[in-house]
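The values are calculated or read from the model by the stated rules, or taken from the named source; none is laboratory data. Source: prediction; values computed, not measured. Here the Cβ positions follow ideal geometry from the backbone for every residue, glycine too, while neighbour counts run over all protein chains shown.
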Amino acid sequence: MQIIKALLVAVTLGSMSAPAVFAQSLEKKLQGLSADEQAAILMETPAEAALRQAKRGDVRAQYDIGARYASGHGVIQNYAEAEKWLRKAANQGSARAQRKLAGMYEDGEGVNRDYKAAVKLYRKASEQGDEEAQFKLSQMYGNGRGVSKDKVLAHMWANIAASNGQREAASERQSLERWMSNKKIKKAQKLARECVQKNYKNC
């Protein structure tokens, strides 16, 4: 039973690529620990494991526990803790954490609504190639939230997000084109190509 729970923890944290690899990893973690400490690690829940590793600076665990606190999955919902851990992960460069935290600011979920803060975080994630953040950034430009409304830039980011596999972005791009001249559409397409060449930086 203890080993099964440990395996579940590993799967939740995404640390298990194969049973043998996990067994070696688990063995290393348990080395030098007392019997009580080993038992505690083997018996901890996925949320407890995430929190333990998050406190040690593991960026994936910081995102995991932050997302859990935001949704109340496996822990009591706590937006202050969600914001704290997601910010730690975001500051370490986690695009998922940047996007998740941006969504909290955009929706005012547990924090004061702040469109400018949302745009800043969506942009950071977009610069790392996160297609969901690129799509959200397109919407922020399209709606003029946190930035001046700009259909050209909204089209550019929707185009980029669509090319990276975001499912709704192509439809968003088409909707924007209904209100754009051919000249502006061509400008947006040119900007999108240039942005991709710059690896999404300073677009």
For this session: Could you identify the single residue in ALA82, ALA50, ALA70, ALA54 that is of a type outside the set (Val, Ile, Thr), crowded, with 16+ Cβ neighbours inside 10 Å and more than 26 Å from ARG123 (Cβ to Cβ)?
Result: ALA50
For this session: May I ask you to verify whether ALA118 is assigned by TED's automatic domain parsing to the domain that holds GLY144 and aliphatic (A, V, I, L, M)?
Result: yes
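This table checks each residue for (1) among the aliphatic types (A, V, I, L, M); (2) within 20 Å of ARG96 (Cβ to Cβ); (3) out of contact with any strand residue (DSSP E or B) (no Cβ under 7 Å at 6 or more places or on another chain).
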| site | (1), (2), (3) |
| --- | --- |
| GLN139 | no, yes, yes |
| ALA154 | yes, no, yes |
| ASN164 | no, yes, yes |
| ALA169 | yes, yes, yes |
For this session: Filter the helices (runs of 4 or more DSSP H) completely within the stretch 101-203 down to those with at least 3 residues that are farther than 30 Å from ILE76 by Cα and at pLDDT 95 or above.
Result: 131-143, 151-163, 169-177, 182-197
Exercise. If a residue has to be of a type in the set (Gly, Ala, Ser) and at pLDDT 95 or above to count, how many in the stretch 39-70 make the cut?
Worked result: 6
Seminar exercise, completed: Among (1) under 24 Å from GLN139 (Cα atoms); (2) in a helix (DSSP H, G or I), GLU81 falls short only on (1)
Seminar exercise, completed: Restricting attention to the stretch 123-173, the residues that are on the phi > 0 side of the Ramachandran plot and touching a residue at least 24 places away in the same chain (Cβ under 8 Å) number exactly 3
